[in-house]
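What follows is a short report on a single structure.
Just so it is clear, none of the values below were taken in a lab; they were calculated from the coordinates. These numbers were taken from a predicted model, which means no experiment stands behind them.
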């Protein structure tokens with residue numbers, strides 16, 4: 001197997017200590033560059049999106065449709081590589097109902113109208129990091 005220069009750089013980088021942790025990253029313990037390992041995409045990648053919204057039904061519907069069209073695994077709970085968390089801050093235009101009806105795999109958090117953008121992101125992070 002021939003390893004190109006980029007793969008060598010990735011491998012060396014994976015051996016460097018993580019500046020945010022005293023423990024080595026799992027990839028730094030692997031004998032070959034992790035980009036060459038036969039790991040299924042669904043196991044290898046997890047993406048979480050937190051989207052705060054308020055009275056933006058049309059825009060929310062468009063972005064969710066685009067997400068689920070571009071990442072087909074997001075439609076299947078068993079092999080999902082993406083989780084979408086919508087924090088609705090007391091919409092009055094039917095945004096919540098549209099999400100419940102058209103996107104049942106989306107986590108929907110309902111706010112009271114006082115979250116604003118930062119509060120919506122923080123509330124979504126709480127759900128995301130609930131373990």
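Overview of results
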quantity	calculated
Added length on full extension, which subtracts the Cα-Cα distance from 0.36 nm per residue, residue 105 to residue 93	2.2 nm
Length added when fully stretched, residue 46-residue 61, from 0.36 nm per residue minus Cα-Cα	3.2 nm
